[in-house]
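Everything on this sheet refers to the single structure shown next.
The values are calculated or read from the model by the stated rules, or taken from the named source; none is laboratory data. Remember, it's a predicted structure, so these values are computed and weren't measured experimentally. Note that each Cβ is placed from the backbone with ideal geometry, even for glycine, and that neighbours are counted across all protein chains shown. The accessibility values were calculated without ligands, DNA or RNA, using every heavy atom of the protein model including side chains. Shrake-Rupley method; radii C 1.70, N 1.55, O 1.52, S 1.80 Å.
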Amino acid sequence: MPQAARFNVMRRLLLVFLSCLTLNAVAATTPNIVFIMLDNVGQEWFGCYGSEEGCTPNIDRLASSGMRVQHCYTAPVCGPSRTVLLTGRYPHSTSFRLHHDAALYSGGGLDPKREVLFPRVFREAGYTTGISGKWQVNNLYDEPDVLTAHGFDEQLVWPGSLDPKKVQGTELAKFWDAVKREDATETTAYIQHIESRYWDPVFIRNGKREEHPGKFGPDVTQEFAFEFLRKHREKPFMLYYPMMLTHGATFTQPVVHTPDHPEKDLPHEVMFANMLRYADKQIGQFIAELEKLGLRDNTIVFVASDNGTEKSFRARRDGRVVTGGLYTLTEAGGDVVLLANCPKRVPADRVLPLADFTDVYPTICELASVPHSPTHKPDGQSFAKYLLGETQTPHRDWILNEYHETRVVRDTRFKLYNDGRFFDANADPEEQHDLAQSTADGHRAAKEKLQKVLKSLPPDVEPPFHLR
């Protein structure tokens with residue numbers, strides 16, 4: 001081979017070698033992001049938030065060895081809460097101000113032409129993205145490609161629609177007629193025929209429907225999550241893991257038995273606690289899998305809950321009994337769990353006073369150096385620097401929550417509704433003593449400050465379709 005040719009070959013090999021070194025260096029410094037979210041369970045059930053129920057030892061360890069948000073607001077029911085998280089925008093910005101269950105009732109869902117979800121910007125930045133668990137904010141039969149459009153490379157999702165084997169023909173026609181008439185009594189009767197998320201579950205894997213006889217749904221989604229980690233361990237990844245636990249089997253069946261506690265006739269609160277224990281065990285197993293794969297030190301794991309517990313459940317927290325607040329803007333309904341953990345990146349035993357779900361989007365983007373879309377600006381504020389220990393100053397001094405036409409804003413102590421109700425949220429979390437007429441100096445000044453926040457907010461945008 002001529003000398004010039006040998007030189008060119010060696011040059012190309014050197015360039016390839018240097019390129020590989022650069023990619024490996026980027027992979028070593030770019031964190032993986034995992035966001036795990038539990039369904040329908042409030043702070044009162046978590047030991048790291050003062051629970052006395054003893055259900056969450058693995059999650060509690062993550063909180064104590066990482067960062068916990070003391071007060072985190074999000075909409076108090078599944079659909080709007082997930083929309084806030086995924087878009088980084090408040091309900092007044094997206095118009096998803098009601099629990100529009102697109103998976104079950106159709107009629108429109110979260111539109112990728114209208115909103116840019118964080119998985120999409122991660123994928124565009126070169127991350128491999130995945131989802132395992134519950135989606136709900138689109139009907140995956142009406143929109144079979146929507147998860148891909150929203151940014152997910154790999155998908156295993158419980159569809160959450162009526163089981164076509166159980167409801168068909170004239171019965172299906174009756175259901176859709178009741179949906180159009182918005183007859184809650186008639187539609188509720190059909191919900192017992194929703195596709196199973198627990199025993200003998202149904203999932204859609206990368207667009208293909210699957211049935212899993214004899215399996216427990218959370219075990220199926222856990223194995224998919226493990227497969228995702230193993231497959232993509234060599235390059236940066238983002239995994240969104242919205243668990244089915246601890247939501248009931250259906251709206252009319254608030255609990256389900258688990259493989260660890262197969263008894264079906266226990267009191268509902270005992271069965272609910274067992275569901276949470278199973279979810280906590282799975283999170284512990286997930287962390288162990290990260291360690292086994294050598295991913296633990298470079299993976300920032302977030303754990304959250306999407307809204308409060310169903311009102312039929314109660315738990316002891318800090319010496320008092322707390323009733324679940326699902327659908328309400330009380331502290332039990334909208335002040336949720338949010339913590340983050342990564343041994344080599346997140347300092348231990350840190351508490352962030354205030355955040356809301358809009359902050360997650362800009363935070364994880366900053367952590368991963370992922371740029372925002374020029375067509376989509378989140379409402380939230382990043383707390384990445386506080387999370388990493390680079391600053392001791394909290395990133396905001398108020399948080400906002402909304403549902404339907406009600407807005408509420410709080411600081412580290414007080415909360416104010418847009419209808420004028422005013423409470424000491426710490427001393428009176430059940431909101432039994434309205435301080436709106438109080439003339440105390442501290443009360444008056446705090447109320448005026450929060451009023452200015454409410455007045456500064458824009459009006460609700462019009463929804464793109466009728467919210468059912």
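I'd like the trypsin sites (Lys or Arg not before Pro) in region 89-122 restricted to DSSP loop residues with at most 12 other Cβ atoms within 10 Å, sorted by number.
Values: sites: Arg89, Arg97, Lys113, Arg114, Arg120; in loops: Arg89, Arg97, Lys113, Arg114.
Passing sites in region 89-122 are Lys113, Arg114.
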Checklist entry - If you take the Cα Rg of the chain and divide it by 2.2 N^0.38 Å, with N the number of residues, what do you get? => result 1.02
Checklist entry - Tell me, which longest segment in the chain has none of the GluC sites (Glu not before Pro) that fall in DSSP loops with at most 11 further Cβ atoms within 10 Å? => result 1-181
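Quick one: compute the contact order of the chain, relative version, from alpha carbon pairs under 8 angstrom and 6+ residues apart, as a percent. Numbers along the way, then the final one.
Values: 954 pairs, mean separation 121.1, N = 468.
Reported relative contact order: 26 percent.
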Checklist outcome for this item: region 201-270: spread of alpha-carbon positions along the three principal axes, whole Å, largest first, is 46, 24, 21
Next on the checklist: Leaving ligands and nucleic acids out of the surface, order Asp153, Asp397 by accessible area at 1.4 Å, largest first.
Outcome noted: Asp397, Asp153
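Residues of the chain: accessible area per residue at 1.4 Å, in Å²?
Values: 19720 Å² over 468 residues.
Accessible area per residue: 42 Å².
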Checklist outcome for this item: Partner lysines whose C-alpha sits under 19 Å from that of Lys165, ignoring same-chain residues fewer than 8 away, are Lys174, Lys208, Lys215
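Indicate the gyration tensor shape class of region 207-345 (rounded, prolate or oblate), computed on the Cα atoms with a ≥ b ≥ c the square roots of the eigenvalues: a/c under 1.5 is rounded; otherwise a/b larger than b/c is prolate and the rest oblate.
On the way: a/c = 2.08, a/b = 1.39, b/c = 1.49.
Since a/c reaches 1.5 but b/c is at least a/b, the shape of region 207-345 is classed as oblate.
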Item to check | Percent breakdown of C-alpha pair distances by 10 Å bin, ordered from the shortest bin, for region 342-386 | outcome: 24, 52, 20, 3
Checklist entry - If each of Trp176 and Gln437 carries a label point 7 Å out from its Cα toward its Cβ, how far apart are those two points in nm? => result 5.5
Item to check | Rg followed by Dmax, in Å, when region 44-184 is reduced to its Cα trace | outcome: 18.2, 56
Item to check | Residue-by-residue Karplus 3J(HN,Hα) for region 236-251, coefficients 6.51, -1.76, 1.60, Hz, glycine and proline x | outcome: x, 9, 10, 10, 9, 10, x, 5, 6, 5, 10, 4, x, 4, 8, 4
Checklist outcome for this item: For the chain, the percent of accessible surface on carbon and sulfur atoms (probe 1.4 angstrom, ligands and nucleic acids excluded) is 53
Checklist outcome for this item: Any trypsin sites (Lys or Arg not before Pro) in region 279-351 that lie in a DSSP loop and have at most 12 other Cβ atoms within 10 Å would be Lys344
Item to check | Listed residues Ala315, Leu387, Thr375: farthest to the positive end of the dipole of region 302-456 (Cβ charges) | outcome: Leu387
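Mean Kyte-Doolittle of at least -1.0 and a Cα length of 27 Å or more along the axis: which whole DSSP H helices of the chain meet both?
Working: long enough: 3-29 (39 Å, 1.04); 268-292 (36 Å, -0.24).
What comes out of the filter, once short or polar helices are dropped, is 3-29, 268-292.
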Checklist outcome for this item: Taking a straight Cα-to-Cα line shorter than 20 Å from Lys344, and setting aside same-chain aspartates and glutamates fewer than 8 residues away, one finds Asp60, Glu234, Glu289, Glu291, Asp297, Glu366, Glu390
